[in-house]
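Below is one structure, written out as structure tokens, with a few remarks after it.
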Amino acid sequence: MHLGRLARLELTESEVDHYTEQLGQILGAIEAISDVAADDIPPTSHPIPVVNVYREDVALPGLDREDFAVGAPAWEDDRFLVPRILDEPA
């Protein structure tokens, strides 16, 4: 009931019983993990070391606008021209 009040939940008696059982299972699982954990083994998130692979961030030349404007159905002011889909003024 106290946790329900802290979470600002209005719980019925059956919900309290149900959540009490679930919370007990969660705490039991944590206790089982604590029993297995040894003091000489550091906690880890992965069983093997994880290393990010980075590449140099190099700017490369892109396409010229004229190259892809040729294939556009409509082109205006260096942009694709598409039909308006909203009724809002431009």
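Read-outs: derived from the displayed coordinates by stated rules, not from any lab. Being a predicted model, the structure only gives us computed values, none of them experimental. Here Cβ is always computed from backbone atoms with ideal geometry, including for glycine, and neighbour counts include all displayed protein chains.
Structural remarks
- By definition, a body whose alpha carbon gyration tensor gives a ≥ b ≥ c is oblate when a/c is 1.5 or more and a/b is not larger than b/c, and the range 49-90 fits this oblate description.
- About its Cα centre, the chain has a charge dipole of approximately 60 debye under the convention of +1 per Lys or Arg Cβ and -1 per Asp or Glu Cβ, with nothing else charged.
- Close amide H pairs (under 5 Å, H built 1.01 Å from N) link residue 72 with no residue at least 5 positions away or on another chain.
- Cβ crowding within 10 Å averaged over residues, with 60-73, 18-31 ranked highest first: 18-31, 60-73
- Helix-only mean residue ellipticity at 222 nm for the chain, each DSSP H run of n ≥ 4 adding -39500 (n - 2.57), per residue, nearest 500: -11500 deg cm²/dmol
- Relative packing of peptides 46-55, 7-16 - highest average C-beta neighbours within 10 Å first: 7-16, 46-55
- Span from the the range 66-87 Cα centroid across to the the range 27-55 one, whole angstrom: 53 Å
- From the Kirkwood radius over Cα pairs of the chain, Stokes-Einstein at 37 °C and 0.692 mPa s returns a whole-number translational diffusion coefficient of 152 µm²/s.
- Positive end of the dipole of the range 40-90 (Cβ unit charges, origin at the Cα centre): among 63, 86, 48, the Cα lying farthest that way belongs to 48.
- Rounded to the nearest 10 degrees, the inclination of helix 13-36 to the longest alpha-carbon principal axis of the chain is 90 degrees.
- Net dipole in debye of the range 1-42 [+1 Lys, Arg Cβ; -1 Asp, Glu Cβ; about Cα centre; nearest 20]: 260 debye
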